[in-house]
1. With respect to GLN78, is the statement that it is assigned by TED's automatic domain parsing to the domain that holds TYR169, at pLDDT below 90 and not hydroxyl-bearing (Ser, Thr, Tyr) true?
2. Tell me the residue from GLY254, GLY279 that is more than 30 Å from ARG340 (Cα to Cα), modelled with pLDDT of 90 or more and more than 26 Å from the chain's Cα centre (by Cα), please.
3. Of the conditions (1) of a type in the set (A, V, I, L, M); (2) at pLDDT 90 or above; (3) surrounded by 10 or more Cβ atoms within 10 Å (Cβ to Cβ), ALA52 fails just one. Which one is it?
4. From (1) part of a strand (DSSP E or B); (2) without any contact (Cβ under 8 Å) to a residue 24 or more places away in the chain, pick out the condition that doesn't hold for GLY332.
5. Pick out the one residue from TYR274, TYR314, TYR267 that is over 23 Å from HIS173 (Cα atoms), touching an Asp or Glu at 6+ places or on another chain (Cβ under 9 Å) and either crowded, with 16+ Cβ neighbours inside 10 Å or assigned by TED's automatic domain parsing to the domain that holds ASN206 (or both).
6. Being out of contact with any helix residue (DSSP H, G or I) (no Cβ under 9 Å at 6 or more places or on another chain) and buried (at least 17 other Cβ atoms within 10 Å of the Cβ) is the filter here; which residues of segment 254-263 pass it?
7. Considering every residue within segment 225-247, establish whether at least one is under 22 Å from ALA153 (Cβ atoms), modelled with pLDDT of 90 or more and of a type in the set (A, V, I, L, M, F, W, C).
Amino acid sequence: MGTAFGSSGSSSDSTNGAYDVVQLDSDGNSTAQPSGQSINSLYLTAPTTPQAYNGQSVSYNEYHNPVPKIIEWTVSVQRELGRNMVAELAYVASHGYALNFPVDINQVPAGKLSPNDAVCTPGSTTCGRPYPLFQGISGSTNNANSNYNSLQASITQRLSHGLQFNANYTWSHMLDNMDSSGWGGYAGSQNFQSSYNPSANYGASNFDVRNAFKASAVYDLPVGRGQRFLSSNGVLDRVVGGWQVAPTIVWTSGSPFTPIMANDTSYAQAGALYPDQVGNPHAGQHSINQWFNSAAYAPPAPATFGDVRRNSLYGPDYLLLNGALGKTFHFGEGISMEIRGEADNVINHPSFGLPNSAIGPGQVSSITSVTVGGRTMQLYGRLSF
């Protein structure tokens, strides 16, 4: 004889979805007896005690997750300068909304910041977290915005008299609540103080590079066969003729960063604590040993947030100059050999990374990394026939 379960009840049934216990005899005949218990009692229920989840962190996805949107607009004007040169001036802008705002929604709210309310222990009744059964609850609230404005100027020379080049300059300013361009470290630092107030985190984007100049050129030196100088001497043509140079340059102003308190006394249990600004962070001269004036910042009062804006300071400029020099030798009909030398960071100029942004005893705003390595060179040849 065995036991099986059936169910009865409907929206108007007084049994309220109670289930029946069905008895099966050896011949397969069944008889049903009401159990008097709801069918829901057969399912496991979530624990309701703090001890069940304390010490664990979880992640989440919004049930109604808005789609991030970006609106872009551009106005440009071009002017021809002679037959082979064009200049362009453009205004480029964008506005994004419903963007990712990856924060901890179980952060202790500002109104409950205190040494007592921030402590979450098993069985605690004073835990300041909105969901005291958990520790961190990470995800994205998708309520961030971004604004980008730029003025872009460029000039382009089509190949003429052995020279072609392009040079452009961009002044821009990008503001947002949080950068979340991709996985891993592509977004940069994702600092925040308050999970519940995105506008308090509105400031310069990690990608806010105010000034950027880029240029590249290819130039056939005007000597040798078919050129302006030494075109009739075959020996000199083989030595000095047919050389081509191709330099490129990239120069940008520095990237922004946020000073952060090394010791977090906010008791928020999530995010980063920004300091209070009490002086001029730009006092003195920039150096790799002390990039900004750390004495311009002070720790906020315990159980409060700091008043410094996100990404309010900027790091060192970026400069990279590359170059190439090559020559093609011709040997009879359809046979040629190209020899080319290339160098990255020709002038061996170090471009430095961001400084230590921690504020506190023993912390110094020194720079210990570079974004451009030392000069590298290569030489190669190619035979075509």
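The values are calculated or read from the model by the stated rules, or taken from the named source; none is laboratory data. Everything quoted here is computed from the prediction, not taken from an experiment. Methodologically, a virtual Cβ is constructed for each residue, glycine included, from the backbone with ideal geometry; neighbour enumeration extends over all protein chains shown.
1. Numbers: assigned by TED's automatic domain parsing to the domain that holds TYR169: yes; at pLDDT below 90: no; not hydroxyl-bearing (Ser, Thr, Tyr): yes.
So GLN78 fails the test.
2. Values: GLY254 fails: more than 26 Å from the chain's Cα centre (by Cα).
From the options GLY254, GLY279, the qualifying one is GLY279.
3. Only one criterion in (1) of a type in the set (A, V, I, L, M); (2) at pLDDT 90 or above; (3) surrounded by 10 or more Cβ atoms within 10 Å (Cβ to Cβ) is unmet by ALA52, namely (2).
4. With (1) part of a strand (DSSP E or B); (2) without any contact (Cβ under 8 Å) to a residue 24 or more places away in the chain applied to GLY332, the lone miss is (1).
5. TYR267
6. Hits for segment 254-263 are GLY254, SER255, PRO256, PHE257, THR258, ILE260, MET261.
7. Filtering segment 225-247 for residues under 22 Å from ALA153 (Cβ atoms) gives 247.
Going one step further and asking which of them are modelled with pLDDT of 90 or more, we end up with 247.
Now narrow it down to the ones that are of a type in the set (A, V, I, L, M, F, W, C): none.
Looking through segment 225-247, none of the residues is under 22 Å from ALA153 (Cβ atoms), modelled with pLDDT of 90 or more and of a type in the set (A, V, I, L, M, F, W, C).
Every residue, every condition in (1) under 31 Å from the mean Cα position of the chain (by Cα); (2) within 30 Å of SER194 (Cβ to Cβ); (3) of a type outside the set (A, V, I, L, M, F, W, C), yes or no:
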{"residue": "ALA295", "(1), (2), (3)": "yes, yes, no"}
{"residue": "ALA303", "(1), (2), (3)": "yes, yes, no"}
{"residue": "VAL308", "(1), (2), (3)": "yes, yes, no"}
{"residue": "ASN311", "(1), (2), (3)": "yes, yes, yes"}
{"residue": "PHE331", "(1), (2), (3)": "no, no, no"}
{"residue": "SER336", "(1), (2), (3)": "no, no, yes"}
{"residue": "ILE339", "(1), (2), (3)": "no, no, no"}
{"residue": "SER351", "(1), (2), (3)": "yes, no, yes"}
{"residue": "LEU383", "(1), (2), (3)": "no, no, no"}
